[in-house]
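Everything on this sheet refers to the single structure shown next.
The numbers here are math on the coordinates, done by the rules we state, and not lab data. Please read these numbers as outputs of a predicted model, since none were measured by experiment. No Cβ is skipped: glycine too gets one built from the backbone with ideal geometry, and neighbour counts run over all protein chains shown.
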Amino acid sequence: MKNRLATLIGIVWLSAVIGFVLAPLLIALVVSFSDSELISFPISSYSVRWFATAWQKEIFWRSALNSLWLALAAVAVAGPVGLAAALAIRRAPPAIAQPIEAVLMLPLLVPAIVLSLSLLVASVITGITDAPLRLWAAHSVVVLPYVVRTCLASLGSMPRQVEEAARTLGASPWRVFRHVTLPLMRPGLFAGCAFAFILSFDNVSVSLFLVNQKTPTLPLAIMNYVEYNFDPGVAAVSATMVALSLAIAWLVERMVGLRKVLG
């Protein structure tokens, strides 16, 4: 009886937490189909006109292009670097591997506001005044830990004997990496790059301190838009971003499996 009661309480509590997290997203999705000129909930009539209206605004489509190239550029750096770092951590002695992993995980442990200000100060000290360049460097640093973690998860499920067997049979280190290690790490690398893309595309805290008027990102454009406008267009843009994130997560699940990657 006690076990059933505890299970029931756990289910209710879990449902409440999930509902609390998803409720704002669901409300935004519903409001994006409103036909009203102002945001209101519940909505009285449905329409998709705000999707077309919002994406016709230069502030949204131009900032979306900025976020797109920034996310792709960050992934282009974080992917190879994260893969190399995971391999180094895997093969190094524990006394060396643990400090390296701890340093690479610092962006996950440091508060976002502290990390953002640190990156801003570092860009000023180093003389990097070009906004796209410092945004690229900052986003690469922020998303790197996710690639490292997923690659390490894939390496953790790979027996070391596989690589040793390939070397014993005469394969060179490059051939071992290309034909044995990389194919087995591909799920983790793919998932890490997908997560890195989502996190870079949706990032606010770091971009807020490093952008200029010519390089706004989409999340910041949304923030600036709602200061002076209160129409469902911003909900339509937000719904598009949520749909993009869900599509990427679904793609990762279908291609490699989230449980397999995350252990």
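May I ask you to say which residue of Ala194, Ala166 is within 30 Å of Leu220 (Cβ to Cβ) and of a type in the set (Gly, Ala, Ser)? Criteria check complete, one pass: Ala194.
For segment 186-220, which positions are closer than 18 Å to Ser32 by Cα and either of a type in the set (Phe, Trp, Tyr) or surrounded by fewer than 23 Cβ atoms within 10 Å (Cβ to Cβ) (or both)?
Pass one, segment 186-220, residues closer than 18 Å to Ser32 by Cα: 218-219.
Result: Pro219, single match.
Look at (1) farther than 26 Å from Pro111 by Cα; (2) among the β-branched types (Val, Ile, Thr); (3) surrounded by 15 or more Cβ atoms within 10 Å (Cβ to Cβ); (4) more than 17 Å from the chain's Cα centre (by Cα) and you find that Val252 fails only one, number (4). Residues in segment 34-59 that are farther than 13 Å from Asp231 by Cβ and aromatic (Phe, Trp, Tyr) were compared, and the one that is surrounded by the fewest Cβ atoms within 10 Å (Cβ to Cβ) is Tyr46. Where residues in segment 128-161 are buried (at least 16 other Cβ atoms within 10 Å of the Cβ) and among the hydroxyl-bearing types (Ser, Thr, Tyr), which of them is nearest to the chain's Cα centre (by Cα)? Only one residue fits best here, namely Tyr146.
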